[in-house]
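Derivation of every value follows stated rules applied to the coordinates shown; laboratory data play no part. Please read these numbers as outputs of a predicted model, since none were measured by experiment. Please note: Cβ atoms are built from the backbone with ideal geometry, for glycine as well, and neighbour counts cover all protein chains shown.
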Amino acid sequence: MVGLKLFDKIMLKTGETAYIVDVLEHSYVCDIERASGTDTDFVNPDEIAKLL
């Protein structure tokens, strides 16, 4: 997805929601809301379903 910026809320293709906490050249660092809590991980653009 093009045009995503810091702190945007996104939906991943897994159904999880996440917030972008850093924008890198070819990926994003996101806080991902999971059943076990919030994890910070790298997310590639092809893993993103939509901007919320």
- So how far apart, in nm, are the two label points at THR17 and THR40 if each is 7 Å from Cα heading toward Cβ? 2.1 nm
- The ³J(HN,Hα) series, computed from each phi in the range 39-45 with the Karplus coefficients 6.51, -1.76 and 1.60 at θ = phi - 60°, rounded to the nearest Hz and given as x for glycine or proline, is 10, 9, 7, 7, 10, 7, x
- Query: Normalised by the number of residues in the chain, what is the relative contact order in percent for Cα pairs under 8 Å and 6+ residues apart?
  - Reply: 37 percent
- Rounded, prolate or oblate (a/c below 1.5 giving rounded, otherwise prolate when a/b exceeds b/c) for the range 9-51 by Cα gyration tensor: oblate
